[in-house]
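One structure is given below, encoded as structure tokens.
The values are calculated or read from the model by the stated rules, or taken from the named source; none is laboratory data. This is a predicted model, so every value here is computed, not measured. Every residue, glycine as well, gets a Cβ built from its backbone with ideal geometry; the counts of neighbours run over all protein chains shown. Note: accessible area is taken over every heavy atom of the protein model, side chains too, but ligands, DNA and RNA are not part of it. Shrake-Rupley method; radii C 1.70, N 1.55, O 1.52, S 1.80 Å.
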Amino acid sequence: MTSNQPIIETQNLSIWYGEKKAVNSVSMKLFKNRVSAIIGPSGCGKSTVLRMLNRMNDFIEVLRHEGKILINGQDIYNKKLDPVDLRRKVGMVFQRPNPFPKSIYKNIIWGPKVNGLKYEPDFLVEDSLKKAALWDEVKDRLHSSALALSGGQQQRLCIARTIAMNPEVILMDEPCSALDPRATSKIEELITTLRDEYTIAIVTHNMQQASRISDVTHFFYEGELIETGLTESLFTKPTEKRTEDYITGRFG
Amino acid sequence: MTRQRKQKLFHGLCFFMTTLTVVILAVLLTHVVMEGIEWISFEFLDRFPSRKPHKAGIKSALFGTLWVISLTAFFAVPIGVATAVYLQEYAPKNRIMEWVRINIANLAGMPSIIYGLLGLAIFVRFFGFERSILSGSLTLALLIVPIIIIASEGALKSVPNSLREAAYAMGARKWQVVIFQVLPSALPGIMTGIILAISRSVGETAPLIITGALGYVAFTPESISDPYTVLPVQIYNWAARPQVEFHGLAAAGIVVLLTVLLSMNLLAVIIRNKSQKTRTS
């Protein structure tokens, strides 16, 4: 199942916030058209690692890293590589829904527009919203403010907005943590349909969620990648003691 | 004293102080309006000042004020907003920038007469702009730039970081994030700051007297190099005369000045409310 080439690979990735080491020598592979879940207790470095993958951590001045991150074999921290090009290929959905304070329609086309991509706006809006399972709910009010949508709808709009850029990879940083159970299950359903077209990495503190939607699970603990495995086997027969303790709820 | 009584006492004290402020304001306003009301008419707005109180009007001062605030805004707004954008979005977070910020805050608190002296030395004398609208406006621009910077910086700071992150994650470049997302979101706050800064400059008297606003101007300005007067200077001029009639004129002038100021503040409030509505609905 995971025999093909990884689309993203970190090699001995260590990350410091100032003097404090947050991530220690993580080597992790994410495979094409798979949903990879990254789980672990709060402060284990899982979000930090995720945000390295599209260089969102560039804006944190005190953060520095060692080790390599490769996307399709290319080092993304290579000085010649433009982080903006990277972010076009690797989209991100955040913990709290953060649509732009504009209309639904403009939220979708903003990315392609500022990137100077060629697109047919009406088609792009309909297509992206359909893929994000939001079209039926908003097709009659495309030009009203995105902020009027419910939290779950806003989060699906953020996913639609990311899809509109046609990325290879979508990173999701606890996308359901601010949502109620119904909105959460809609997003989970959506994620399982998106795996055919995209590679998805999702950070979550919700283990049931990881077991429901992911193909592969990476367990992080205190800045280290403890265990990686097919989700089914990791949750049923973990090889590491700490993984077992965590998934059985002994801590975290 | 029991806790309930302390509670009541504090409540009553705050209420009393609030009422006191409102009452003082009401008394002042009533006094001014009572004194000035008989002098206010359309002719008052349309006549130039005169030695004869019944023929005197405020036209030149009103036009002078409009010229001065337009030109002041023209200079101060781009400088103030651009500086705020630099400080908030681009400047490194280090001691030098902290020092710059503290000094801007100090400048905002400086007595306006000092700006007047600076304007006199630099714009009137050194650059040779003489006693013109240009000199006055540049001086007032210096005065309000720090205020605009501080207000705009506050507005930019209140734009949530999640918006910037969203824009970056869509592959936007920094200038696109700032111009297309951050500035539009901060605009209501920036506009409010600008309007309040300008309305402060409308009320300034000292720096303009020093840089050469005249007490008696019987024409409306035609260009930025013309001599001029403004509302507060005209009011000061009338109020300083011994004849009682001129005091009525001064009161009428104050009513005009207050009307200008209050409508600008009202505009600021309207802009703020309107933007709050569009952002939440």
*State which residue is farthest from A:LYS46 (Cα to Cα) when the search covers only the stretch A:184-229 and only residues that are open to solvent by 20 Å² or more (accessible area, probe 1.4 Å) and among the aliphatic types (A, V, I, L, M).*
A:MET207
*Which members of the stretch A:49-83 meet the condition of being within 14 Å of another protein chain (Cβ to nearest Cβ) and not hydrophobic (A, V, I, L, M, F, W, C)?*
A:ARG51, A:ASN54, A:ARG55, A:ASN57, A:ASP58, A:GLU61, A:ASP82, A:PRO83
*For the stretch B:82-99, state whether one or more residues are open to solvent by 70 Å² or more (accessible area, probe 1.4 Å), under 25 Å from the mean Cα position of the chain (by Cα) and over 30 Å from B:VAL177 (Cβ atoms).*
no
*If you check B:ARG101 against the conditions, is it charged (D, E, K, R) and within 14 Å of chain A (Cβ to nearest Cβ)?*
no
_Criterion first (without any contact (Cβ under 8 Å) to a residue 12 or more places away in the chain, within 18 Å of B:SER152 (Cβ to Cβ) and out of contact with any Gly (no Cβ under 8 Å at 6 or more places or on another chain)) does B:PRO184 satisfy it?_
yes
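If we scan the stretch A:194-211, do we find a residue that is within 13 Å of chain B (Cβ to nearest Cβ) and outside any helix (DSSP H, G or I)?
Looking through the stretch A:194-211, none of the residues is within 13 Å of chain B (Cβ to nearest Cβ) and outside any helix (DSSP H, G or I).
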_Test: A:LEU234 is surrounded by fewer than 18 Cβ atoms within 10 Å (Cβ to Cβ) and more than 14 Å from the chain's Cα centre (by Cα)_ = no
*Here are B:GLY128, B:GLY57: which of them is open to solvent by less than 30 Å² (accessible area, probe 1.4 Å) and either assigned to a loop (DSSP other than H, G, I, E, B) or more than 23 Å from B:GLY203 (Cβ to Cβ) (or both)?*
B:GLY57
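Please go through the stretch B:102-153 and pick out each residue that is charged (D, E, K, R) and touching a residue at least 24 places away in the same chain (Cβ under 8 Å).
Across the stretch B:102-153, the qualifying residues are B:GLU130, B:ARG131, B:GLU153.
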*Could you pull out the residue among B:ILE144, B:ILE150 that is in a helix (DSSP H, G or I) and open to solvent by 30 Å² or more (accessible area, probe 1.4 Å)?*
B:ILE150
_Please pick out the residue among A:ILE104, A:ILE159, A:ILE108 that is within 16 Å of the chain's Cα centre (by Cα) and hydrophobic (A, V, I, L, M, F, W, C)._
A:ILE159
*Scan of the stretch B:236-255 for residues that are open to solvent by 50 Å² or more (accessible area, probe 1.4 Å), more than 19 Å from B:GLY203 (Cβ to Cβ) and in a helix (DSSP H, G or I), ordered by number*: B:VAL244, B:GLU245, B:HIS247
_Cβ-Cβ under 6 Å, sequence separation 6+ or interchain: first residue in the stretch B:27-55 and over 11 Å from B:ILE254 (Cα atoms), partner open to solvent by less than 80 Å² (accessible area, probe 1.4 Å) and polar (S, T, N, Q). Which pairs?_
B:PHE48/B:SER60
_So for the stretch A:116-127 (the condition being modelled with pLDDT under 95 and within 13 Å of chain B (Cβ to nearest Cβ)), does at least one residue qualify?_
yes
*Quick check: is even one residue across the stretch B:4-13 open to solvent by 100 Å² or more (accessible area, probe 1.4 Å) and within 28 Å of the chain's Cα centre (by Cα)?*
no
*asked:* Being touching a helix residue (DSSP H, G or I) at 6+ places or on another chain (Cβ under 7 Å) and of a type in the set (Phe, Trp, Tyr) is the filter here; which residues of the stretch B:173-203 pass it?
replied: B:PHE180
*Being in contact (Cβ under 8 Å) with a residue 12 or more places away in the chain, under 30 Å from A:GLU126 (Cα atoms), among the basic types (Lys, Arg) and surrounded by fewer than 21 Cβ atoms within 10 Å (Cβ to Cβ), is that true of even one residue in the stretch A:160-167?*
no
*Which residues, counting only those in the stretch A:98-121, are touching a helix residue (DSSP H, G or I) at 6+ places or on another chain (Cβ under 9 Å), open to solvent by 30 Å² or more (accessible area, probe 1.4 Å) and of a type outside the set (Ser, Thr, Tyr)?*
A:PRO101, A:LYS102, A:LYS106, A:LYS113, A:LEU117, A:LYS118, A:PRO121
*Identify, please: which residue in the stretch A:39-83 is touching a residue at least 60 places away in the same chain (Cβ under 8 Å) and under 11 Å from A:THR10 (Cβ atoms) and is, among those, surrounded by the fewest Cβ atoms within 10 Å (Cβ to Cβ)?*
A:LEU70
_Where the second residue is open to solvent by 100 Å² or more (accessible area, probe 1.4 Å) and the first is assigned to a helix (DSSP H, G or I) and lies in the stretch B:6-22, which pairs have Cβ atoms under 8 Å and are six or more apart or on separate chains?_
B:LEU9/B:MET1
*Output yes when any residue across the stretch B:194-216 is surrounded by fewer than 17 Cβ atoms within 10 Å (Cβ to Cβ), in contact (Cβ under 8 Å) with a residue 40 or more places away in the chain and part of a loop (DSSP other than H, G, I, E, B), and no when none is.*
yes
*Does at least one position in the stretch A:84-93 carry a residue that is more than 9 Å from chain B (Cβ to nearest Cβ), open to solvent by 20 Å² or more (accessible area, probe 1.4 Å) and in contact with a strand residue (DSSP E or B) (Cβ under 8 Å, 6 or more places away or on another chain)?*
no
*Is one or more of the residues making up the stretch A:14-21 at pLDDT below 90 and not charged (D, E, K, R)?*
no
*Residue count, the stretch B:60-79 (criterion: surrounded by 16 or more Cβ atoms within 10 Å (Cβ to Cβ) and free of Cβ contacts under 8 Å to residues at least 40 places away in the same chain)*: 1
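How many residues are open to solvent by 20 Å² or more (accessible area, probe 1.4 Å) and either of a type outside the set (A, V, I, L, M, F, W, C) or at the interface with chain A (Cβ under 8 Å from one of its Cβ atoms) (or both) when one looks only at the stretch B:154-184?
Here the count works out to 13.
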*asked:* Being buried (at least 16 other Cβ atoms within 10 Å of the Cβ) and within 14 Å of chain A (Cβ to nearest Cβ): is that true of B:MET264 here?
replied: no
